[in-house]
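Following: one structure in structure tokens, then a few remarks.
Nothing in this text is a laboratory measurement; each read-out follows from the coordinates by a stated rule. A quick note: this is a predicted structure, and the numbers were derived from the prediction, not measured. Cβ: placed from backbone, ideal geometry, glycine included. Neighbour counts: every protein chain shown.
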Amino acid sequence: MILSVSRRTDIPSRYPAWFMERVSAGYVLCRSPYRPSRVSRIPVTPDVVDAIVFWTKDPGPMLPHLDELDGRGFSYYFQLTLTGYGKDVEPGLRDKREILRDAARLGTRLGKRGLVWRYDPIFFTREYTMEWHKKTFSALCKELSGVTDQVTISFLDCYKGTRGSDLSAPKPEEQLEFAAFAAQAGAEYGLRVCACCESPELSRVGVEKAACIDPERVRDIIGAPLRWKPDKGQRKGCGCCASVDVGMYDTCINGCRYCYANHSSALLMRRIAHYRVTSPLLCGELSPFDSVVEKAYASDRMEQTSLF
């Protein structure tokens, strides 16, 4: 099993102490986003969890906990979203120079296979123009080329409930132009450039299809292949293998204008008011109306491979 921590909220940045409590306890409880009264009991032990994929915009708060994860025998890698947007777009984040320094520390510690950089989402405004993005992307390629081997790009998708409703997705010709530039800049700095759930047309300019939860990367990190299946619960064109997510929507306090994971400011405030570091649930407690389900989770590691 691969544990996703998390597509739904920034656990490494905002809730690292809670996650480490769950590591100590050996399990986490997670509400279904679609049936909130249905709660899954998910093991967090290295005999079942083949790898953890951390998703974050700021790895700094998680860095002090990596020694414990290593000591307990967990394998993991990070998906780090890092752009050049200012506080007008990403108001809750630390200074990007500080995040960049922690990203370099993380990549140096884990090696290039342990850190995937995401330049995401890409949109254009009067301030954040095509030329601004090209300049910023190239500068970040230079800074991160020594600590990662891949950058994943993705263009803004305007989901229902996205907070930045005044933002719009780039036009197909703009996507192609930036993708061509990104492929060239990435090649200059030795970075594989991939696109997450984007048009196959981008392959014409040298951009590969991304698999954010990537069985090949996991294989390299854990030293063994996996029996894996595609993740059918993701967007069309997703290349990820199946994983189990332990996050909760409407709990991220980064405040990004383009956020798809927070649908209601009022619900966000209610949920974070119920955050307790010792709770098995993120931002909440069990109620008498909840049904706790224990599935048969297991490792998908293949210790031996056949020669025939």
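How would you order 7-17, 257-267 from highest to lowest mean count of nearby Cβ atoms within 10 Å?
So the peptides 7-17, 257-267, ranked by packing, come out 7-17, 257-267.
For a quick protection proxy, order the peptides 268-279, 75-86, 189-200 by their average other-Cβ count within 10 Å, most packed first.
Most protected by this proxy first, the peptides run 75-86, 189-200, 268-279.
With a bin width of 5 angstrom, please list the P(r) values of the stretch 232-281 as percents of all Cα-Cα pairs, from the 0 bin to the one holding the largest distance.
Percent of pairs per bin, in order: 4, 17, 20, 19, 18, 13, 7, 1.
Which whole-number percentage describes the relative contact order of the stretch 170-254, with Cα contacts under 8 Å and a sequence gap of 6 or more?
The value is 23 percent.
For Kirkwood radius over Cα pairs in Å, which listed value, [x] 20.1; [y] 21.0; [z] 23.0, comes from the coordinates shown?
Of the labelled values, this structure produces [x].
Over the stretch 2-294, what is the relative contact order in percent, taking alpha-carbon pairs closer than 8 angstrom and at least six residues apart?
Once divided by the residue count of the stretch 2-294, the mean separation gives 24 percent.
Using DSSP to call loops (not H, G, I, E or B), can you name the trypsin sites (Lys or Arg not before Pro) in the stretch 56-135 whose Cβ has at most 16 other Cβ atoms within 10 angstrom?
87, 94, 126
Taking θ as phi - 60°, what are the ³J(HN,Hα) couplings along the stretch 143-152 by the Karplus curve (6.51, -1.76, 1.60), each to the nearest whole Hz, with x for Gly and Pro?
5, 9, 4, x, 10, 8, 10, 8, 10, 10
Counting DSSP beta bridges in the chain, what percent are antiparallel, to the nearest 5?
Here the share of antiparallel DSSP bridges comes out near 20 percent.
Under the rule of at least 5 residues apart or a separate chain, name every residue whose amide H is placed under 5 Å from the amide H of residue 51.
Those lying under 5 Å, H to H, from residue 51 are 3.
Taking a ≥ b ≥ c as the square roots of the Cα gyration tensor eigenvalues, with a/c under 1.5 meaning rounded and otherwise prolate when a/b beats b/c, else oblate, which class fits the stretch 65-144?
Note, shape of the stretch 65-144 comes out prolate.
Averaging sequence separations of C-alpha pairs under 8 Å and six or more residues apart, then dividing by the length of the stretch 136-219, give the relative contact order as a whole percent.
Over the stretch 136-219, the number comes to 32 percent.
Sorting check: for 138-145, 29-36, which peptide has the highest mean count of neighbouring beta carbons within 10 Å, and how do the rest follow?
Those peptides, ordered most packed to least, come out 138-145, 29-36.
Taking 21 Å as the cut-off for C-alpha to C-alpha distance, list the pairs among 171/209; 112/209; 142/236; 209/236; 209/229 that go past it.
Correct reply: 142/236.
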